[in-house]
Amino acid sequence: MYKKQMLFQKLLCLFTLISGAIVFLYSLGVMTDIFDSFYSAVTVDRVTHEVTKEKVEGAKIYYDMQPFNDAFLKYSIGFILCAALLFITNTHVRRRYYISNFISTGIVVCYGAVFSIWAHLEIEKFKNQFLTTIDFEGFKAFAEKWKSLYTESTFWFDIHYAVFGIVLVIVILHVVNLALKVSLMSKEKKLLASEGEA
């Protein structure tokens, strides 16, 4: 049982790191369509950085999303660092967990869960803004005139379900692995104690 658990543990740590990379790549791409469509559709004051004119109604979503996009990129790097912490503390190869392994696992679980909920709420908010504030007829006319991207697709918003679904599955698997590890460590301790008494 311990061999299977150790293999599962090692793979889980590796997949956590890979999922961090996926989230990072998503953070780089989440605004792809918004940028291509609306970057040139707004006029911004050079001093205040406020949107002064929208050539397409609702195009200011591009600027509204900037603070979120900056935070999203930083938090995705943070998640990669959390995943790296599992390897720094040798959580991927430890037969017995020490306090550092419990802490690193706890950090990954808490960070991954909170990050996923925050990202979901923010992305859904901007998806709703995209669907309800954009004048799609004006958007289409602007895109045809200036040869810019016209799309009604919410692909870059919707894909977050898959990306953060992976993160949440990994979070749950870390909790399962931790419970299994504690159970096996407890059984091993009892076995060693009984052998010592014999």
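Counting just the residues of the range 120-133 that are among the hydrophobic types (A, V, I, L, M, F, W, C) and out of contact with any Ser or Thr (no Cβ under 9 Å at 6 or more places or on another chain), which one comes out surrounded by the most Cβ atoms within 10 Å (Cβ to Cβ)?
Residue satisfying both the conditions and the ranking: 123.
Which of the residues that make up the range 75-93 are surrounded by 14 or more Cβ atoms within 10 Å (Cβ to Cβ) and either in contact (Cβ under 8 Å) with a residue 60 or more places away in the chain or at positive phi (or both)?
Residues satisfying the conditions are 79, 80, 82, 83, 84, 86, 87, 90, 91, 92.
Before we move on, is residue 140 surrounded by 15 or more Cβ atoms within 10 Å (Cβ to Cβ), part of a helix (DSSP H, G or I) and among the charged types (D, E, K, R)?
no
Only one of these is in contact with a helix residue (DSSP H, G or I) (Cβ under 8 Å, 6 or more places away or on another chain), surrounded by 15 or more Cβ atoms within 10 Å (Cβ to Cβ) and more than 16 Å from residue 147 (Cα to Cα): 56, 42, 51. Name it.
Among 56, 42, 51, only 51 is in contact with a helix residue (DSSP H, G or I) (Cβ under 8 Å, 6 or more places away or on another chain), surrounded by 15 or more Cβ atoms within 10 Å (Cβ to Cβ) and more than 16 Å from residue 147 (Cα to Cα).
Each reported figure results from applying straightforward, stated rules to the coordinates on display, with no laboratory input. Not measured: the values here are computed from a predicted model. Counting neighbours? That spans all protein chains shown, and the Cβs are built from the backbone with ideal geometry, glycine included.
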